[in-house]
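One structure is given below, encoded as C-alpha coordinates.
The values are calculated or read from the model by the stated rules, or taken from the named source; none is laboratory data. Worth saying up front: this structure is predicted, and the values here are computed from it rather than measured. Every residue, glycine as well, gets a Cβ built from its backbone with ideal geometry; the counts of neighbours run over all protein chains shown.
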Amino acid sequence: MNLALGTTLILCALASMPASAQDTDRLALQRAATGQGFTIGDTNFRLVPNARVLRNTTPPPRADVPAMRRSTTAAAGVTLQHIGPYVISSGNSPRSPRTTPVGDVEEPSLMVAINQRNGQPVVASPRLQVYAGDADAIVRLARQTNGAVLAASQDGTGVIGYRSVPEALAALPTVRRGGGVDDVVLQVIQAVPRLR
(Lines give C-alpha, C1' and ligand atoms only; values in the text may rest on other atoms or scores of the structure.)
Protein backbone atom coordinates (compact mmCIF):
# COMPACT_ATOMS: atom_id res chain seq x y z
CA MET A 1 0.00 0.00 0.00
CA ASN A 2 2.74 2.46 0.99
CA LEU A 3 4.75 1.52 -2.10
CA ALA A 4 1.75 2.18 -4.37
CA LEU A 5 1.06 5.51 -2.67
CA GLY A 6 4.71 6.55 -2.88
CA THR A 7 4.94 5.56 -6.54
CA THR A 8 1.75 7.48 -7.31
CA LEU A 9 3.05 10.63 -5.60
CA ILE A 10 6.36 10.45 -7.46
CA LEU A 11 4.61 9.95 -10.81
CA CYS A 12 2.29 12.89 -10.12
CA ALA A 13 5.26 15.10 -9.24
CA LEU A 14 7.10 14.08 -12.40
CA ALA A 15 4.01 14.64 -14.55
CA SER A 16 3.50 18.16 -13.21
CA MET A 17 7.10 19.28 -13.78
CA PRO A 18 6.72 20.14 -17.51
CA ALA A 19 3.56 22.14 -16.77
CA SER A 20 5.23 24.10 -13.98
CA ALA A 21 8.27 24.74 -16.20
CA GLN A 22 5.95 26.03 -18.92
CA ASP A 23 4.24 28.34 -16.41
CA THR A 24 7.65 29.60 -15.27
CA ASP A 25 8.64 30.31 -18.89
CA ARG A 26 5.35 32.12 -19.51
CA LEU A 27 5.81 34.27 -16.38
CA ALA A 28 9.37 35.10 -17.45
CA LEU A 29 8.04 36.18 -20.85
CA GLN A 30 5.40 38.37 -19.18
CA ARG A 31 8.07 40.00 -16.99
CA ALA A 32 10.21 40.63 -20.09
CA ALA A 33 7.39 42.66 -21.69
CA THR A 34 9.14 45.99 -21.19
CA GLY A 35 8.86 47.39 -24.71
CA GLN A 36 6.47 49.86 -26.27
CA GLY A 37 2.78 49.47 -25.50
CA PHE A 38 -0.20 49.66 -27.82
CA THR A 39 -3.95 49.17 -27.62
CA ILE A 40 -6.40 47.22 -29.75
CA GLY A 41 -9.99 47.92 -28.76
CA ASP A 42 -9.92 47.97 -24.97
CA THR A 43 -7.01 45.52 -24.64
CA ASN A 44 -3.48 46.73 -23.90
CA PHE A 45 -0.41 44.96 -25.28
CA ARG A 46 3.29 45.41 -24.52
CA LEU A 47 6.20 44.34 -26.75
CA VAL A 48 8.82 41.84 -25.55
CA PRO A 49 12.10 43.15 -27.01
CA ASN A 50 14.24 40.05 -26.36
CA ALA A 51 11.83 37.38 -27.63
CA ARG A 52 12.16 35.93 -31.12
CA VAL A 53 9.58 34.85 -33.64
CA LEU A 54 10.51 31.87 -35.78
CA ARG A 55 8.50 30.47 -38.69
CA ASN A 56 8.44 26.70 -38.81
CA THR A 57 9.15 25.60 -42.39
CA THR A 58 8.99 21.85 -41.78
CA PRO A 59 5.75 19.89 -41.82
CA PRO A 60 4.38 18.90 -38.41
CA PRO A 61 5.71 15.60 -37.07
CA ARG A 62 3.74 12.44 -37.57
CA ALA A 63 1.67 11.29 -34.63
CA ASP A 64 3.60 8.01 -34.43
CA VAL A 65 6.92 9.82 -33.76
CA PRO A 66 7.81 9.74 -30.04
CA ALA A 67 7.28 13.07 -28.26
CA MET A 68 10.94 13.18 -27.24
CA ARG A 69 11.98 13.35 -30.89
CA ARG A 70 9.36 16.04 -31.68
CA SER A 71 10.94 18.58 -29.33
CA THR A 72 11.47 22.06 -30.81
CA THR A 73 13.76 23.90 -28.41
CA ALA A 74 16.09 26.48 -29.88
CA ALA A 75 19.80 26.42 -29.08
CA ALA A 76 19.79 30.04 -27.93
CA GLY A 77 16.39 30.04 -26.27
CA VAL A 78 13.44 28.02 -25.10
CA THR A 79 10.36 27.45 -27.22
CA LEU A 80 7.52 29.06 -25.30
CA GLN A 81 4.47 28.77 -27.52
CA HIS A 82 3.27 27.98 -31.02
CA ILE A 83 1.01 30.53 -32.71
CA GLY A 84 -0.09 29.33 -36.11
CA PRO A 85 3.04 28.68 -38.18
CA TYR A 86 5.16 30.69 -35.73
CA VAL A 87 7.17 29.66 -32.70
CA ILE A 88 7.85 32.14 -29.90
CA SER A 89 11.30 31.64 -28.43
CA SER A 90 13.08 33.44 -25.62
CA GLY A 91 16.30 35.11 -26.67
CA ASN A 92 19.47 36.27 -24.96
CA SER A 93 19.72 39.75 -26.43
CA PRO A 94 17.53 41.78 -28.76
CA ARG A 95 18.00 41.01 -32.44
CA SER A 96 21.49 39.50 -32.10
CA PRO A 97 22.57 36.78 -34.53
CA ARG A 98 21.58 33.40 -33.10
CA THR A 99 21.28 29.87 -34.25
CA THR A 100 17.85 28.50 -35.01
CA PRO A 101 16.62 24.93 -34.94
CA VAL A 102 16.56 23.01 -38.21
CA GLY A 103 13.39 23.91 -40.10
CA ASP A 104 12.85 27.25 -38.34
CA VAL A 105 13.50 30.61 -39.98
CA GLU A 106 13.74 33.78 -37.89
CA GLU A 107 11.20 36.46 -38.81
CA PRO A 108 13.03 39.69 -37.87
CA SER A 109 10.14 41.98 -38.87
CA LEU A 110 7.77 40.27 -36.40
CA MET A 111 7.81 40.81 -32.64
CA VAL A 112 6.26 39.20 -29.60
CA ALA A 113 3.79 41.19 -27.51
CA ILE A 114 1.94 40.24 -24.33
CA ASN A 115 -1.80 40.73 -23.92
CA GLN A 116 -1.93 42.66 -20.63
CA ARG A 117 -5.43 41.41 -19.90
CA ASN A 118 -4.81 37.65 -19.99
CA GLY A 119 -1.01 37.35 -20.18
CA GLN A 120 -1.07 35.45 -23.48
CA PRO A 121 1.64 36.15 -26.07
CA VAL A 122 0.74 37.32 -29.57
CA VAL A 123 2.80 37.89 -32.72
CA ALA A 124 2.84 41.56 -33.72
CA SER A 125 3.37 42.29 -37.42
CA PRO A 126 4.60 45.56 -38.97
CA ARG A 127 1.21 46.22 -40.57
CA LEU A 128 -1.64 48.55 -39.80
CA GLN A 129 -5.19 47.49 -40.58
CA VAL A 130 -6.98 50.65 -41.69
CA TYR A 131 -10.72 51.27 -41.89
CA ALA A 132 -11.25 54.47 -43.87
CA GLY A 133 -13.79 56.09 -46.18
CA ASP A 134 -12.17 54.81 -49.39
CA ALA A 135 -8.99 53.36 -50.89
CA ASP A 136 -7.61 56.82 -51.79
CA ALA A 137 -7.38 57.72 -48.08
CA ILE A 138 -5.33 54.58 -47.41
CA VAL A 139 -2.95 55.33 -50.30
CA ARG A 140 -2.53 58.95 -49.11
CA LEU A 141 -1.82 57.89 -45.51
CA ALA A 142 0.68 55.25 -46.62
CA ARG A 143 2.57 57.92 -48.58
CA GLN A 144 2.52 60.34 -45.61
CA THR A 145 3.95 57.74 -43.22
CA ASN A 146 6.48 56.08 -45.57
CA GLY A 147 4.48 52.86 -45.63
CA ALA A 148 3.56 50.55 -48.48
CA VAL A 149 -0.04 49.79 -49.42
CA LEU A 150 -0.42 46.03 -49.13
CA ALA A 151 -4.18 46.04 -49.70
CA ALA A 152 -6.81 48.71 -50.31
CA SER A 153 -10.39 48.15 -51.36
CA GLN A 154 -12.94 50.73 -52.45
CA ASP A 155 -15.00 50.08 -49.31
CA GLY A 156 -12.15 51.66 -47.31
CA THR A 157 -10.55 48.62 -45.72
CA GLY A 158 -6.85 48.14 -46.24
CA VAL A 159 -3.44 47.25 -44.89
CA ILE A 160 -0.35 49.46 -44.78
CA GLY A 161 3.00 47.71 -44.32
CA TYR A 162 6.17 49.05 -42.66
CA ARG A 163 9.73 47.78 -42.23
CA SER A 164 9.37 47.07 -38.50
CA VAL A 165 6.80 46.92 -35.71
CA PRO A 166 8.21 50.05 -33.97
CA GLU A 167 7.94 51.93 -37.29
CA ALA A 168 4.31 50.83 -37.66
CA LEU A 169 3.56 51.91 -34.08
CA ALA A 170 5.20 55.30 -34.74
CA ALA A 171 2.96 55.78 -37.80
CA LEU A 172 -0.22 54.67 -36.02
CA PRO A 173 -1.14 58.09 -34.46
CA THR A 174 -0.62 59.88 -37.80
CA VAL A 175 -2.79 57.37 -39.64
CA ARG A 176 -5.43 57.52 -36.88
CA ARG A 177 -5.63 61.33 -37.22
CA GLY A 178 -5.80 61.10 -41.02
CA GLY A 179 -8.93 62.45 -42.65
CA GLY A 180 -11.65 59.92 -43.27
CA VAL A 181 -10.19 57.20 -41.01
CA ASP A 182 -12.70 55.35 -38.84
CA ASP A 183 -10.21 53.07 -37.08
CA VAL A 184 -6.67 51.73 -37.35
CA VAL A 185 -5.00 48.90 -35.40
CA LEU A 186 -1.69 47.08 -35.43
CA GLN A 187 -2.12 43.64 -36.95
CA VAL A 188 -1.51 40.81 -34.46
CA ILE A 189 -1.72 37.03 -34.71
CA GLN A 190 -3.18 35.25 -31.69
CA ALA A 191 -3.26 31.60 -30.73
CA VAL A 192 -6.64 29.94 -30.91
CA PRO A 193 -7.39 27.59 -28.01
CA ARG A 194 -7.80 23.99 -29.11
CA LEU A 195 -10.98 22.24 -28.11
CA ARG A 196 -10.52 18.68 -26.96
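Observations on the structure shown:
Listed here are the residues, each with its yes/no results for (1) modelled with pLDDT of 85 or more; (2) crowded, with 16+ Cβ neighbours inside 10 Å.
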{"position": "Gln36", "(1), (2)": "yes, no"}
{"position": "Asp42", "(1), (2)": "yes, no"}
{"position": "Leu47", "(1), (2)": "yes, yes"}
{"position": "Leu80", "(1), (2)": "no, yes"}
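- Every residue from region 142-196 that is buried (at least 19 other Cβ atoms within 10 Å of the Cβ), among the small types (Gly, Ala, Ser) and within 25 Å of Gly119 (Cβ to Cβ): Ala168
- Region 112-129, residues that are at pLDDT below 95 and of a type in the set (Lys, Arg): Arg117
- Only listed residue being in contact (Cβ under 8 Å) with a residue 60 or more places away in the chain and among the β-branched types (Val, Ile, Thr), chosen from Val188, Val175: Val188
- Test for Arg127: is it of a type in the set (D, E, K, R) and closer than 29 Å to Arg55 by Cα: yes
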